[in-house]
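Okay, structure first, notes after.
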Amino acid sequence: MKRAMISRSLVAGLALAVSGSCAAFAQGAAPAQLPRPEVKQVEDWQVRCYPVQSISPCDIFQEQAQKDTGQRVLSISIAFVPSMNRHIIQVTVPLDVSIPKGVTMQSDTYTSPVLKYRMCTREGCFVQTGIDNALVEALARSSGTGKINVEADGGKKVALTFSLKGFAAAHDDMAAQAKAKATKAPEGAAAAAPAPATP
């Protein structure tokens, strides 16, 4: 299935559905303080809904950190845009990755197309783009662990794992809340256009 691109306005609309500085940088702005979300834990995923006007006010979120240092290794946020029946993903990985290689997301039955990096900051490197509903459906059908496949600057390939426990239930809860709370997508947001290039 061909992966549709999302427009600049849709990326901006997602900003309030993802966390902290990542959302602000997605709009090319300084980090902004977002209101605290309502958070529900569904096994290994969080369902977060922000008290804001947004086309995608809710997401599901998971973060992995090193046990000894507490440093973030991976975070994944998936939001749903009800007015467009589309999903947007934000993945954060550590620095020192090969930017041209992008990442792929993998379950036991599905591997995504290459997802390109949008930017890197001192917080890490970020992917933020639209994804096919097929990827979300494959993750929901899978069990155990998923993988974010990255390549380091030196060419070493690394699979960063994340848990799929509770993914399907968390996604369904998030999508239902998003449908109830979301505003309409901006005019023209459905037009296919390349996602903004990495600064």
Problem set entry | Calculated Rg and Dmax of the range 84-134 using C-alpha coordinates, Å | 11.6, 35
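Using 0.36 nm per residue of separation minus the Cα-Cα distance, give me the extension gain between Glu137 and Ala65 in nm, one decimal. Write out the running numbers ahead of the final one.
Working: separation 72, 0.36 × 72 = 25.92 nm, distance 2.59 nm.
The Glu137-Ala65 span can extend by a further 23.3 nm.
Report the Rg/Rh value for the range 56-174, based on alpha-carbon coordinates and the Kirkwood definition of Rh.
Numbers: Rg = 13.9 Å, Rh = 14.7 Å.
Here the Rg-to-Rh quotient is 0.95.
What is the sum of charges, Lys and Arg at +1 and Asp and Glu at -1, for the other residues whose Cβ falls under 15 Å from the Cβ of Val39?
Numbers: positive: Arg36, Lys40, Arg48, Lys181; negative: Glu38, Glu43, Asp44, Asp59, Glu63, Asp173.
Its environment carries a net charge of -2.
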For this session: Step through the residues of the range 55-66 one at a time and calculate ³J(HN,Hα) from phi using the Karplus curve (6.51 cos²θ - 1.76 cosθ + 1.60, θ = phi - 60°), rounding each to whole Hz and writing x for Gly and Pro.
Result: 6, 9, x, 10, 8, 10, 9, 9, 10, 10, 9, 5
Exercise. Amide H to amide H under 5 Å from Ser56: which residues, 5+ apart in sequence or cross-chain, H placed 1.01 Å off N in plane?
Worked result: Thr183
Seminar exercise, completed: Calc'd 3J(HN,Hα), the range 143-156, phi into Karplus 6.51 cos²θ - 1.76 cosθ + 1.60 (θ = phi - 60°), Hz, glycine/Pro = x, comes to 9, x, 10, x, 9, 10, 8, 10, 10, 6, 3, x, x, 5
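No lab work stands behind these numbers, since they all come straight from the coordinates. Keep in mind that what you see is a predicted model, and the values were worked out from it rather than measured. Virtual Cβ from ideal backbone geometry, glycine too; neighbours counted across all protein chains shown.
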